[in-house]
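Every number in this text was worked out from the coordinates using simple rules, so none of it is lab data. Just so it is clear, the model here is predicted, and its values are computed rather than measured. Neighbour counts run over all protein chains shown; Cβ positions are idealised from the backbone, glycine included.
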Amino acid sequence: MTMTIEKFINGIPKAELHVHIEGTFEPELMFKIAQRNNIKIKFKSVEELRKAYDFNNLQEFLDIYYDGTSVLIHEQDFYDMTWAYIEKLHSQNVIHAEIFFDPQTHTDRGIQFSTVITGIHKALINAEKEFGMSAKLIMCFLRHLDEEQAFQTLEHSLAYKDWIEAVGLDSSEVGHPPSKFQRVFKKAQDEGFLTVAHAGEEGPPEYVWEAIDLLNVARIDHGNRALEDDALVQLLAQKQIPLTVCPLSNLKLRVVDKLKNHPLKRMMNNNLLVTINSDDPAYFGGHLNENYIKLAKALYLTKGDIYLLAKNSFNASFLSDAEKLNYIKQVDDYQKQS
Ligand code: ADE
Ligand code: ZN
């Protein structure tokens, strides 16, 4: 019996480590919530909105993505958005997720920090109860805003420390190097948070160095441009600092021109600890399994590669060693029986 690569990918237990909850917000749900909150959307229909999802770079995407969040007002809205994503994960055999949220996108519109995080958190608790799925939250600072605003956000988060595993850094990369947030990240670490940062998506390898040296990150989000610097590749390999790579995001935001030219296989050949992720699945044409499948087809990945990538997704996670072992056993069992 030979299983197709597609079927193998669909069934393999895996973790998602790089997804923005606001990026999972599907147009259908956006329109539904807009209606119940009496908010007008710029676009006439779901179809028209989807047509606008055509981007030349990160900034063009971010402008539409931040706009889409304007319909989220109540705790229930954040719950519904998160729950819809959890159901999708469950349908794709994703059994653990580490999820970004951007509180500043909401607090800057007058929504309370507590409203945002409570809605999201309740959905994650229900994911555990209904599906036995584990999840962790990563709070991102918007790097196009200033240090002071990031400090204020960190201050807000302290009352919810138990619900947040790590802090991260996202939004417009070029012109906003990690060094801008060195002091905020130091305070976050003193408060007990782990750290991650988007780096090397559009920004240069120097930003990846800064994320490691100045922000002490446990993982790099994206990291594509690290490959331009041999010494950096060597360090990432030697320290096994994970890169959370997002193939369909890279394609849609023109970080790569075609999936055939995606650097994932080169990263694997350089012994980097890489994982496949969806970033903003509602905007980039696919959830986690579609990212695996489309990339596998473009790069001729083998079942052995997929097996390694699925194991990497747990090894690169913020789960405890015992939890990692337990999840990786599930990957092994799947591989043996397929
Ligand atoms: N926010 C949501 N998706 C992002 C990405 N790919 N890069 C930076 N910030 C983001
Ligand atoms: Zn991202």
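Can you list which of the trypsin sites (Lys or Arg not before Pro) found in segment 50-156 are DSSP loop residues with at most 12 other C-beta atoms within 10 Å? Here the sparse-neighbourhood loop sites are ARG109. Over 20 Å apart at the Cα level, from the set LYS180/LYS239; LYS161/LYS186; LYS258/LYS297; LYS51/LYS252; LYS122/LYS324, are LYS180/LYS239; LYS122/LYS324. Within the same chain, aspartates and glutamates fewer than 8 places from LYS187 are excluded, and of the rest, those with a Cα less than 17 Å from its Cα are ASP146, GLU147, GLU148, GLU155, ASP162, GLU165, GLU210, ASP213. Near the amide H of LYS136, within less than 5 Å, lie the amide hydrogens of ALA97, GLU98, ILE99, all on another chain or at least 5 residues away, with H placed in the peptide plane. Sorted ascending by nearby beta carbons within 10 Å, beginning with the fewest, HIS144, HIS262 become HIS144, HIS262. Backbone phi angles across segment 226-233, fed through the Karplus curve with coefficients 6.51, -1.76 and 1.60 (θ = phi - 60°), yield HN-Hα couplings of 4, 5, 6, 10, 4, 5, 5, 4 Hz in residue order; Gly and Pro are listed as x. Put simply, the C-alpha atoms of the chain give a gyration tensor, and the ellipsoid matching it has half-axes of 28, 24, 21 Å, longest first.
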